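See structure below.
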Amino acid sequence: MRLLQRLFQTPDRGTAPLLYAAIVARGREPHWYEAGAVPDTIDGRFDMIAAVMSLVLLRLEQASEAIPFSTQLTEVFIDDMDGQLRQIGIGDIVVGKHVGKMMGMLGGRLGAYRDGLAAGTLGEALVRNLYRGDAPAPEALAHVETALRAQHARLADTSVDTLLAGALA
């Protein structure tokens, strides 16, 4: 009986679902799609949520005590992507393949945004990852870069304990 409970019971991920919900809410803010010209499509929304998620994961990787929480947060992301794919009609047989591809995309974005922040510009990484190679108007790109840099700065000023409690700055 305990085996069945473990198989069918939702794992306890602590406050990670709270932080993930805040990340999704931030990624769905209208200004990204209006002033930032992020495509308001399934892909565009995934890319925007992945951008915000990447910034949070980059902040969490700076604290060794946050590594288990980063894992939980990523698992919540995987569960959400799995559910979203099933909701739009992707069949059981290929859901895993799609989720794996999405995880690869998130990992690629982590590296691209990490490198872009270190170099002092996110423009190239945003065009490649957020706009999928189709550069928007310079004002739109500047809006998104400015807003993401501001988010990055807020996260840098946010204690890890605040993030571990499930709150996004």
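For the reader, a short list of remarks on this structure follows.
- Test for residue 52: is it at pLDDT below 90 and either of a type in the set (Asp, Glu) or touching a helix residue (DSSP H, G or I) at 6+ places or on another chain (Cβ under 9 Å) (or both): no
- Of all residues in region 97-114, those that are open to solvent by less than 30 Å² (accessible area, probe 1.4 Å) and not aromatic (Phe, Trp, Tyr) total 5.
- Among the candidates 66, 51, 37, the residue that is open to solvent by 20 Å² or more (accessible area, probe 1.4 Å) and of a type in the set (Gly, Ala, Ser) is uniquely 37.
- Residues of region 118-169 that turn out to be free of Cβ contacts under 8 Å to residues at least 40 places away in the same chain and in contact with a Lys or Arg (Cβ under 9 Å, 6 or more places away or on another chain), as a count: 3
Quick grid of which residues meet (1) among the hydroxyl-bearing types (Ser, Thr, Tyr); (2) at pLDDT 95 or above:
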{"residue": "70", "(1), (2)": "yes, no"}
{"residue": "75", "(1), (2)": "no, no"}
{"residue": "79", "(1), (2)": "no, no"}
{"residue": "103", "(1), (2)": "no, no"}
{"residue": "113", "(1), (2)": "yes, yes"}
{"residue": "126", "(1), (2)": "no, yes"}
{"residue": "149", "(1), (2)": "no, yes"}
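- Boolean, residue 85 is out of contact with any strand residue (DSSP E or B) (no Cβ under 9 Å at 6 or more places or on another chain), of a type in the set (A, V, I, L, M, F, W, C) and modelled with pLDDT of 90 or more: no
- Selection from region 115-169 of residues that are in a helix (DSSP H, G or I), open to solvent by 60 Å² or more (accessible area, probe 1.4 Å) and hydroxyl-bearing (Ser, Thr, Tyr): 146
The values are calculated or read from the model by the stated rules, or taken from the named source; none is laboratory data. This one's a predicted model, so the numbers in the text were calculated from it and none came from an experiment. Positions of Cβ are backbone-derived with ideal geometry, glycine not excepted, and every protein chain shown enters the neighbour counts. Surface areas here come from the heavy atoms of the whole protein model, side chains and all, with no ligands, DNA or RNA. Shrake-Rupley method; radii C 1.70, N 1.55, O 1.52, S 1.80 Å.
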